[in-house]
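**Student:** Quick one: structure below, then a few questions.
FYI, it's all coordinate maths here, none of it is from the lab. Predicted model only: the values in this text are computed from it and were never measured. Because the Cβ atoms are built from the backbone with ideal geometry, glycine has one as well, and the counts that use them run over all protein chains shown.
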């Protein structure tokens, strides 16, 4: 066994027209960090999206990172030139996060890494990935860089050709990283490794972050549903659940040891079989009297919002609810998997109101800009949500390679989706048509604000 390697973890910049910190943490990277720490690796995190670095406040031209209720807010941002393929769009383009100079200073702090792990999220945020890797290679040309995450999985060939990484891992990194790092560093631990299929993965290493406004948690991986627009099954092919009591152990640890109060669930199917899973978890939270605030940015399945579940959510301290209605149009609902039956939304809203939730706590996601979608369909859905006293939130469609809707998106989009992931950006309305363009999108946004 060789000396313990030093591993640098990087959460790269976002390059986009807009981005907000809505309980956004590099959870996959921090899960890997927990696994590597348990194997004895020395770790350091370089977070390009750090909103608590006070040095940024004194730099001219950088928009401030404001904080809001429950730990959300804005990232620091700097206007930068648009990539050539986005020059046609009349909007400002930004780098969100720290400056490149700060990145390089942090890169050179401490010991030289034996390997660098870079995560990735949205496919159209790959410029931040490329810039991070370029700077690493500029200073450490002989150090292997490993890229993983969503972009690396969904656009693997593009990442291999364009990211600059030495190795691109697709799919769950937990099943691949130990073997690869042993090959790269010659280090192998005598500590037991963990099995992704069992409930033994170490907790995410949130303590590597300089300050915690909140944490994110996954009580399950993957999703049993197969929505045609969603990549969940491509990222995690199996649906795997954690033990609900062990989840509460984790929440209690971060609350007691790091004073964390706000927790965002990243699950895609949090309410599935709630009696056996979520309700057990929330009952344990109540038994331990943990004063936590819960949030569901990924959206809750409306069919799971029974009176019992809604009461349990309210009593446990859920503060921000996002519901996945998708559409109020019955025909479109059938095309998307028929997860919301007629009358289910009205029933769910009645149950939430009876449980004690206020209208401002309930947001409803509506898909917008799907291939062939009529803006009037979205408008009717918006009115339906408003009539029920909730807040509509437009979820502009982003085409995702490998999903059932991908071929239809390729057919109808005016952009080169297949070769340039920048065109996957939902801000562009990638599947716009003559009857549904940016003007209609602005009209729909105005309707949401009524």
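**Student:** Report the FRET efficiency, 1/(1 + (r/R0)^6), for residue 42 and residue 101, where r is their Cβ-Cβ distance and R0 is 22 Å, rounded to 0.05. Intermediate results must be reported in sequence, preceding the final value.
**Tutor:** Numbers: r = 25 Å, r/R0 = 1.16.
That pair, residue 42 with residue 101, gives E of 0.30.
**Student:** Related question: Out of all DSSP beta bridges with both ends in the stretch 214-448, state the antiparallel percent to the nearest 5. All intermediate terms of the calculation are to be shown ahead of the outcome.
**Tutor:** Numbers: 3 of 23 bridges.
In the stretch 214-448, DSSP labels about 15 percent of beta bridges as antiparallel.
**Student:** Largest first and in whole Å, what are the equivalent-ellipsoid semi-axes of the stretch 6-185 based on the Cα gyration tensor, each being the root of 5 times an eigenvalue? Can you show the working numbers first?
**Tutor:** Working: eigenvalues 139, 71, 51 Å².
Gyration-tensor ellipsoid for the stretch 6-185: 26, 19, 16 Å.
**Student:** Specify whether the C-alpha gyration tensor of the chain places it in the rounded, prolate or oblate class, a ≥ b ≥ c being the square roots of the eigenvalues: rounded for a/c under 1.5, otherwise prolate if a/b is larger than b/c and oblate if not. Mind showing how you got there, number by number?
**Tutor:** Details: a/c = 1.64, a/b = 1.21, b/c = 1.35.
In terms of gyration-tensor shape, oblate.
**Student:** If you stretched the chain out fully between residue 176 and residue 256, how much longer would it get, using 0.36 nm times the residue separation minus the C-alpha to C-alpha distance? Don't jump to the answer; show the numbers that get you there.
**Tutor:** Details: separation 80, 0.36 × 80 = 28.80 nm, distance 3.25 nm.
Residue separation times 0.36 nm, minus the Cα-Cα distance, leaves 25.5 nm.
**Student:** May I ask you to list the residues of the stretch 307-321 whose amide nitrogen lies under 18 Å from a point 7 Å from Cα along the Cα→beta-carbon direction of residue 283?
**Tutor:** 307-317, by backbone N distance to the label point.
**Student:** Could you pull out which residues in the stretch 89-133 have an amide N less than 15 Å from a spot 7 Å beyond the Cα of residue 18, following the Cα-Cβ vector?
**Tutor:** 90-94, by backbone N distance to the label point.
**Student:** Shifting gears a bit: Please find the FRET efficiency linking residue 307 to residue 191, where r is the Cβ-Cβ separation and R0 is fixed at 51 Å, and quote it to the nearest 0.05.
**Tutor:** Working: r = 47 Å, r/R0 = 0.92.
Computed FRET efficiency for residue 307 and residue 191 comes out at 0.65.
**Student:** Order these peptides, 415-421, 362-368, by their mean beta-carbon neighbour count within 10 angstrom, highest first.
**Tutor:** Numbers: 415-421: 16.4, 362-368: 22.4.
Ranked by mean Cβ neighbours within 10 Å, highest first: 362-368, 415-421.
**Student:** Just grab the label-to-label distance for residue 112 and residue 211, each label 7 Å out from Cα along the Cβ direction, in nm (one decimal).
**Tutor:** The two pseudo-label positions are separated by 3.4 nm.
**Student:** Shifting gears a bit: Which percent, to the nearest 5, of DSSP beta bridges fully inside the chain are antiparallel?
**Tutor:** Details: 15 of 51 bridges.
If we restrict to bridges inside the chain, about 30 percent are antiparallel.
**Student:** For the pair residue 137 and residue 239, how long in nm is the line joining their label points, each one 7 Å along Cα→Cβ?
**Tutor:** A separation of 4.1 nm, rounded to one decimal place.
**Student:** Which length gain, in nm to one decimal place, applies between residue 69 and residue 273 when the Cα-Cα distance is subtracted from 0.36 nm times their residue separation?
**Tutor:** Working: separation 204, 0.36 × 204 = 73.44 nm, distance 3.07 nm.
The span from residue 69 to residue 273 would gain 70.4 nm if fully extended.
**Student:** Using alpha-carbon positions, what is the distance between the centroids of the stretch 309-376 and the stretch 83-152, in Å?
**Tutor:** Here the two parts' Cα centres lie 36 Å apart.
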